[in-house]
1. Consider only pairs whose beta carbons are under 9 Å apart and that are at least six residues apart or on different chains; among these, list those whose first residue lies in the range 76-101 and is closer than 16 Å to GLU128 by Cβ and in a loop (DSSP other than H, G, I, E, B) and whose second residue is aromatic (Phe, Trp, Tyr) and within 12 Å of the ligand (Cβ to nearest atom).
2. Would you be able to tell me the number of residues in the range 138-157 that are over 20 Å from LYS72 (Cα atoms), touching a residue at least 60 places away in the same chain (Cβ under 8 Å) and within 16 Å of the ligand (Cβ to nearest atom)?
3. It is to be established whether one or more residues within the range 163-172 are closer than 23 Å to SER100 by Cβ, within 20 Å of the chain's Cα centre (by Cα) and away from the ligand (no atom under 16 Å from the Cβ).
4. Check off (1) free of Cβ contacts under 8 Å to residues at least 40 places away in the same chain; (2) outside any loop (DSSP other than H, G, I, E, B) for ASP112 and give me the number that stays unchecked.
5. For the range 77-102, how many residues meet the condition of being within 21 Å of the chain's Cα centre (by Cα) and within 9 Å of the ligand (Cβ to nearest atom)?
6. Please go through (1) at pLDDT below 95; (2) more than 19 Å from TYR243 (Cβ to Cβ) for ASP124 and return the number of the only condition it doesn't satisfy.
7. I want to confirm something. Restricting to the range 103-126 and keeping residues that are in contact with a helix residue (DSSP H, G or I) (Cβ under 6 Å, 6 or more places away or on another chain) and hydroxyl-bearing (Ser, Thr, Tyr), which single residue is nearest to the ligand (Cβ to nearest atom)?
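The values are calculated or read from the model by the stated rules, or taken from the named source; none is laboratory data. Small disclaimer: the values here were computed from a predicted structure and weren't measured. Positions of Cβ are generated from backbone atoms using ideal geometry, with glycine treated the same way; all protein chains shown enter the neighbour counts.
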Amino acid sequence: MIPREDNMNRQRKRRRVARFLLLLFFLLLGGVALAGLKPSQSTLSLPLTAPKDELAPVPVIASVTAKETKIKVLIDAGHGGKDPGAVGNDGKMEKDYTLSMAKKVYELLKKDPQYEPKLTRQDDVFVELEERAEIANEWNAAVFISIHGNTYSDPSVSGTETYYRYDNSKALAESIHKHVVETLKFRNRAVREGHLRVLTFSSVPSTLVEIGYLTNPKEEARMLSEDGQARAAQAIVDGIRQYVAGLE
Ligand SMILES: [Zn+2]
């Protein structure tokens, strides 16, 4: 039980605290209201005091903000420059195949205002694997896809395989793999966890797809054909779209 005097003191104290809180609340409310008014006030008053140029950045900031909402997709054409990658059945190089594919994926995504695609290389140049991953990290890509063509000493070996390194990338790898396998109908060599440098150094959702075997004559012909590339690129885009839809 609490003595009466103490009780009175407590009540007075409580009322004082309540008044203080009420005052604080109104001060804050006033602050918020003033902050809300500030832009329109400054647009009214600034032209009188500041040069016109100082008002110009406003629309620029607005457009940058709008861009940030786009889905950033970094497309990596495997190999390049001094690194030819696999050499196909008829001497064609993997680095040329991957660049052609990457550009097709880029063009398809570019048509969609929801997406902002970017290439790690646009021509026959060598880019370090760590650097490719770093571009993805620094740009903060929503999706990072590295495109490859496979190779093996036995030309009968065939099929599509897709890699991921960390758990944040498994759903992306699975979605792209599914669409590529369904479209090209190459042997399904499954989605695998792989310690590949380009994936290991990337912290954003990343996958590496080996579309098929360039050392397998049948797959190579399909992979190098215009129709085969157009379909494979569309399958990759469909895979990206399905993955993105799953995030929402
Ligand atoms: Zn490769």
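1. Within 9 Å, the pairs are GLY78/TYR97; GLY85/TYR97.
2. 6
3. yes
4. Unmet condition: (2).
5. The number of residues fulfilling the criteria is 3.
6. All conditions are met except number (1).
7. THR120
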